[in-house]
Amino acid sequence: MNGRTLFFFAKPSSASASASASATHYPSAHSHLTSKSKKLKIAFLFLTNTDLFFAPLWEQFFKSADKNLFNIYVHADPHSNVTKPSGIFFSHFIPDAKRTYRASPTLISATRRLLANAILDDPNQYLLRHPESTQYNMKIEHKSFIEIISKERRLWKRYVARGKYAMMPEDPDGCTKYTLTKVNWTGTRNGHPYTYKAAEISPVLIQKLRQSNYSSSYLFARKFEPICLNPLMKIADKVIFRD
């Protein structure tokens, strides 16, 4: 995340409570996140090479949630002079961060560092990654929310935007083929999706961005200009943080 991704849910719900609806409370044999803890957590993974412009909005969100239900990890490009925001994010920047370049394997390396930190911390079971350019959201247990496209008419443009070395995933078992992040690819510029402006922020826009053709509503959306922070803060409690 570089401050341009927005979220649309009230608060982190207990991962252990979600797991209780299934036959087993623990991850499958294919997951390395096996834990016997009764309080499983959501790991929020942030990948950025700019300041966290929306840190105050995230701060407001995390303060309203049970701190026993989530962990935070931030990978910041050390060559980009990212300013550590005060508050909840300050102590959650991972060590040994590496330089990252858009549409390059360096993003994969940075993601692996985030994942390694999260996996080593028991009892993280659900991983949500928020990178700067290409974003996907994952739920580790039964389904992974990863977008897989093969017949989409803008596929080539989107592939080029991610770079020729980008990973194009196969169709693994247990993958939904769709993401939980709403991205508007209309009017793209230099491979970037549409960026919402402050004048466009409204409760109507938030509700529209939540709508999905899949079984799950969108939980995130991108991109937003940093100047969107103030109008977003004004509708956070009454709109954004409400299911």
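Bear in mind these aren't lab numbers, they're just calculated from the coordinates by the rules spelled out. The structure displayed is predicted, hence computed values, not measured ones. Glycine also receives a Cβ, built like all others from the backbone with ideal geometry; neighbour counts cover every protein chain displayed.
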VAL204-THR188 pseudo-label distance in nm [points 7 Å out on the Cα-to-Cβ vector]: 2.8 nm
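At a 10 Å Cβ-Cβ cut-off, how would you order THR181, THR100, fewest neighbours first? Intermediate values should be presented prior to the final figure.
Details: THR181 22, THR100 25.
Result, fewest neighbours first: THR181, THR100.
Among LYS84/LYS197; LYS39/LYS197; LYS98/LYS197; LYS197/LYS238, which pairs are too far apart, with a Cα-Cα distance over 27 Å? Walk me through the numbers on the way to the answer.
Numbers: LYS84/LYS197 25 Å; LYS39/LYS197 39 Å; LYS98/LYS197 31 Å; LYS197/LYS238 20 Å.
The answer is LYS39/LYS197; LYS98/LYS197.
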Long-range share for the range 60-102, i.e. C-alpha pairs more than 15 Å apart as a percent of all pairs, stands at 50 percent
Rounded to one decimal in nm, the spacing of the 7 Å Cα→Cβ label points at ALA103 and LEU120 is 3.4 nm
